[in-house]
Amino acid sequence: EIRRWTTLQHSNVVSVFGVVTKFEFTVSIISEWIPEGNAYDYVQDLNNDPRPLLAIQVLGIAQGLDYLHSHGFLHGNLRAHNVLISTDGQPLLVDCGLSALIDSSFSIIAGAPMPPTIRWMAPEQINNYGKVTTQADVWAFGMTALELFTREPYHDILYTRGVMQHTLQGPHRPTDETTRGRMTDQWWEICCLCWKRDESSRPPISDIVAVVVGVLSHPYFLLLMQLRRKQWCLLAKRNPFEWLYMPPCSLCIHLKLYCICSSAS
């Protein structure tokens, strides 16, 4: 399985070179060094708004996941912590298939500790001891997109056990009232496609990629991206993430349906 990982080559998947098993009795994966950090960290700064180019990040995550699925891999632990950002702003998936090496099952009996990844888990995973499937990966992608826009899935629920109860008993996904100020209607609808309670009703990630590409192919959005990329070129020698925090331009405000810089409310 590890040898197969080393064959993966995609612009949105971190390259794996191999593993080391003789270092402090642990299994260590050797991959390329990405010094810029992960997607979770750069959306946590309350003084900055990371939304202006999140659409490109979310598309890259979807394309990376689609690549994994098309090559017979499951991610199994998709969330913003496991998405690194390259020097040119591209998202890179890490920890792909790590559950193949680690026993990811967990107990949900009273008093048992809740796994930290439960906020990204599909309902059937909670009922089936964390079993990883392509459909569960699609659910986790929707939660990761929500996390990037709102900074945390179910950000209105403080305790992880409450998230589990919310997922199992319903409503099985975050409500739009808790995210209305952070996402446009189009992005909310894309996430809802990933959150179908019946796992067989969830579209494959390739369909999600097509939907996102369709949204980003709007001519006004393409014009906006050209403007943003010019700003990125000017800022590249300063803070590599400063381009993500540029204030919305007048074009963003007027094109509310297609620009993620504006509120959905």
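Points worth noting:
- Checklist (1) crowded, with 18+ Cβ neighbours inside 10 Å; (2) of a type outside the set (S, T, Y); (3) touching a Lys or Arg at 6+ places or on another chain (Cβ under 8 Å); (4) modelled with pLDDT of 85 or more applied to I208, failing item: (3)
- M114 meets all of the listed conditions (1) assigned to a helix (DSSP H, G or I); (2) touching a Ser or Thr at 6+ places or on another chain (Cβ under 8 Å); (3) at pLDDT below 85; (4) not charged (D, E, K, R) but one, namely (1).
- Residue within the stretch 36-54 that is at pLDDT 90 or above, crowded, with 21+ Cβ neighbours inside 10 Å and in a helix (DSSP H, G or I) present: no
- A62 being among the small types (G, A, S) and modelled with pLDDT of 80 or more: yes
The values are calculated or read from the model by the stated rules, or taken from the named source; none is laboratory data. Note that the structure is a prediction, hence the values are computed from the model and not measured. Heads up, the Cβs are rebuilt from the backbone with ideal geometry, glycines too, and the neighbour counts pull from every protein chain shown.
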